Amino acid sequence: MKPLELEQLEQALRVALAAQDWERLTALDARLSAWLAAAPAAIERARLERLGVLYREILAAGRAAGAELEQRLALLSREREGQLAYAQARQWEGA
C-alpha cells in the first residue's frame, strides 16, 4: 500500500467511525491489518502512532455503543416483563 492509499484508508476509518458504521470499520480493519502484517517496516513511525490513537478511539466507540445497546436491551426486557405482569393482572381481574 502506498502512502497515499494508507492516508485514504486512515481517512476512511475516521469517516466510518464518525458514522458508527461498524460493518465498514470491520472491513477497513481487516484491510489495515493485512497491510501491516505484510509491510510493517514501510510505515513511518508518526503515522503508526496516529493509527494507534485512531484504533483506540474506534475500540472505545465500539465499547460505548455496545454498552448503550446493552442498556437498551435491558430496558426493553424490563418493559416486556411489565407488560406481561399487567396482562396477567388483567386476566386475574377478569376471572
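The values are calculated or read from the model by the stated rules, or taken from the named source; none is laboratory data. In this text the structure is predicted, and so the values were computed from the model without any measurement. Heads up, the Cβs are rebuilt from the backbone with ideal geometry, glycines too, and the neighbour counts pull from every protein chain shown.
Here are the numbers:
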| item | result |
| --- | --- |
| Hits in the stretch 43-75 (condition: of a type in the set (A, V, I, L, M), touching a residue at least 24 places away in the same chain (Cβ under 8 Å) and under 13 Å from residue 6 (Cα atoms)) | 43, 51 |
| Filtered residues of the stretch 76-95 (kept if small (Gly, Ala, Ser) and either closer than 30 Å to residue 6 by Cα or in a helix (DSSP H, G or I) (or both)) | 77, 82, 85, 87, 89, 94 |
| Within the stretch 1-21, tally of residues that are in a helix (DSSP H, G or I), of a type outside the set (Asp, Glu) and surrounded by 15 or more Cβ atoms within 10 Å (Cβ to Cβ) | 6 |
| Residue tally, condition exposed (fewer than 11 other Cβ atoms within 10 Å of the Cβ) and modelled with pLDDT under 90, over the stretch 34-58 | 7 |
